[in-house]
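Just so you know, all these numbers are worked out from the coordinates, no wet-lab data involved. Because the structure is a prediction, the values reported are computed rather than measured. Quick reminder, even Gly has a Cβ in these numbers, built from the backbone with ideal geometry, and neighbours come from all protein chains shown.
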Amino acid sequence: MINGGMVSSRFIQGMAMAIASSGLAFAALGHEYYAAGFKIVHPWAMPTGPADKSTVAFVRFEEISSADRLIGARSPVAGKIEIRGPIAPAKGVQASPPMASLKALDLPVGGEIEMSQQGVHLVLDEVKGPLLGDRSYPLTLVFEKAGTIETMMAMSPF
Ligand SMILES: [Cu+2]
């Protein structure tokens, strides 16, 4: 009985450690969501302070096997979300191209799309903040073909 008790408590300890370390790996590698034609990796946004009314969010798309377009996003923590990105300058290359609201973000077959501050990203306006750095909040992504996919956005790039 005593031996059995010790074995099982060691076993439980081992399980707890395994769960803890898999939790760390999960956080480090980022969370993922799957559509039939692509993978959504680690949606995240910048945390906000009490006075902030807007913030930016980023998503990565990988393993795009069927072309689609991101056509919208929404979240209960923002009044509206805009897809924003650089518009091609009329001629030449500028250090920071002007940004504009985009109708859609193309997901081409074989492509890998990484949103960024200088590239395409999401702008959350009318934020019902503060959005705290150690939390996750719902982010719904709307695609032309894949439809609506519910994700959670972490408030950290990692
Ligand atoms: Cu993640």
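Give the shape of segment 31-155 as rounded, prolate or oblate, defined through the alpha-carbon gyration tensor: a ≥ b ≥ c are the square roots of its eigenvalues, a/c under 1.5 means rounded, and otherwise the shape is prolate if a/b is larger than b/c and oblate if not. Write down the numbers at each step before the final one.
On the way: a/c = 1.89, a/b = 1.11, b/c = 1.70.
Judged from the Cα gyration tensor, segment 31-155 comes out oblate (a/c at least 1.5, b/c at or above a/b).
For A88 paired with S116, estimate the spin-label separation in nm (one decimal), with each label point 7 Å from Cα along the Cα-to-Cβ line.
1.9 nm
For segment 31-155, what number of Lys pairs, 8 or more residues apart or on separate chains, have alpha-carbon atoms under 18 Å from each other? Numbers along the way, then the final one.
Details: K39/K145; K53/K80; K53/K128; K80/K103; K80/K128; K103/K145.
Close lysine pairs found across segment 31-155: 6.
Which of rounded, prolate, oblate describes segment 38-109, given a ≥ b ≥ c as roots of the alpha-carbon gyration tensor eigenvalues and a/c under 1.5 marking rounded, otherwise prolate only if a/b is larger than b/c?
Verdict is oblate for segment 38-109.
Using R₀ = 30 Å, calculate the FRET efficiency as 1/(1 + (r/R₀)^6) where r is the Cβ-Cβ separation of D106 and E150; round to 0.05.
Computed FRET efficiency for D106 and E150 comes out at 0.85.
I want to make sure I understand the PRE zone here: with the label point 7 angstrom from the Cα of K53 toward its beta carbon, which residues in segment 116-138 have backbone N atoms less than 11 Å away?
Answer for this model: 125-127.
Please identify the trypsin sites (Lys or Arg not before Pro) of segment 44-145 that satisfy two criteria: DSSP loop assignment and at most 11 other Cβ atoms within 10 Å. Which are they?
In loop regions of segment 44-145 (DSSP not H, G, I, E or B), the sparsely surrounded trypsin sites (Lys or Arg not before Pro) are K91, K103.
Would you mind calculating the gained length between K80 and K39 on full extension (0.36 nm times residue separation, minus the Cα-Cα distance), in nm to one decimal?
That pair, K80 and K39, stretches by 12.4 nm at full extension.
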